[in-house]
Amino acid sequence: MNKTIKYDLLLAVLAAAVFAALYALMYTGFIGPFWRLNIIIICISVIMSASLNLINGFTGQFSIGHAGFMAVGAYTSAIMTVKQGQSFEVAIIVAFLAAGVLGFLIGVPTLRLSGDYLAIATLGLGEIVRVCILNIPYVGGASGFMGIPQLTTFPWAFGLMILILFLIKNLVNSAPGRACIAIRENELAAETMGIDTTKYKILAFTIGAGFAGVAGALFAHYFYIAHPSSFSFLRSFDALIMVVLGGLGSISGSVVGAVLVVAVSAVLADFPEWRMIIYSVTLIILMIFRPQGLLGNKELSEHIFRRLKKGGERNVA
């Protein structure tokens, strides 16, 4: 227990240091508007990547409809702030609950499937959500939900990102999380050992969907608008790339994958004709030489903690 507390405190100190450094650079103007925008996008992308990794990486499912839950979070949170006059805090909670409930309702019938069948089902359901939104005049229909106040700030985005990463980390290290990992490793063996595989798959799917809803709320309240085209299959595909790039089953990998994908896209923004080519070639090379992702299923923070511990022991000696 003491080791876990020390480990969490170390991570909290590192997160606070990163936040303070970035906030100071933004306040002094060293980080301009363009990179300030991309840092917010990175925070939102980390939430999307980590929440999808909970489903795909830790539980071993194959979902590619994550953008649908992001859309639900974006629109429900916008309804709360614009139509109902509620605070941003209430909007975020409602976005989490709405996306989580939808994830549960979708998960019950679909998570009995596996592999390609599950991927096709989640893809179809994600598109159903988007098409339904297109035909609801109350939320703007095909024109999108406009006039959303810009309530998402760097402290909000960074704080929620750290909170969600912490919650996912603790979930993975809990008994339900170990059950999810057992399902990933061998679902038949997990069933033989008495694990209710359907229950834990639905649990991971529901929580992952809820966190995607939070990402949607942050997205809508930063860009003033929630448009159906922003939550197409490509949005789900981007999240999947981040997970695969960083490493399936690694929370640190989710962070690294999201940072790299957003940063590379930002750097190549002035070269749109080359951006997708470089992007695709890089992914092909990675899949050939590093199919498990940059970090595999390892956690970068664990290596940092071990090195600091070894350094402390040497100094004492």
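Rounded to 0.05, the FRET efficiency of the Y117 and S232 pair, given R0 = 25 Å and the Cβ-Cβ distance, is 0.70. Within segment 7-45, the chymotrypsin sites (Phe, Trp or Tyr not before Pro) that combine a DSSP coil assignment with at most 10 other C-beta atoms in a 10 angstrom radius are F30. The protection proxy used here, the mean number of other Cβ atoms lying within 10 Å of each residue, ranks peptides 91-103, 187-199, 215-227, 116-128 as follows, highest first: 215-227, 91-103, 116-128, 187-199. Stretching T4 away from I278 to a fully extended chain increases their span by 94.5 nm, per 0.36 nm per residue minus the current alpha-carbon distance. Lysine pairs in segment 2-316 8 or more apart or on different chains: how many have alpha carbons under 20 angstrom apart? Eligible lysine pairs with Cα atoms under 20 Å apart amount to 13.
Is any residue of segment 209-231 close enough, with backbone N under 20 Å, to a label point placed 7 angstrom from the Cα of M146 along the Cα-Cβ axis, and if so, which? Once the point is set 7 Å along Cα→Cβ of M146, 219-231 turn out to lie under 20 Å by backbone N, inside segment 209-231. Considering only L134, G60, H221, and ranking their Cα positions along the charge dipole of segment 2-316 that arises from unit charges at the beta-carbon of Lys, Arg, Asp and Glu, the one farthest toward the positive end is G60. Gain on full extension, evaluated as 0.36 nm per residue between F271 and A21 minus their Cα-Cα distance, stands at 87.0 nm.
Laboratory data are not the source of any read-out in this text; all were calculated from the coordinates shown. Nothing here was measured: the structure is a model prediction, and the numbers come from that model. Methodologically, a virtual Cβ is constructed for each residue, glycine included, from the backbone with ideal geometry; neighbour enumeration extends over all protein chains shown.
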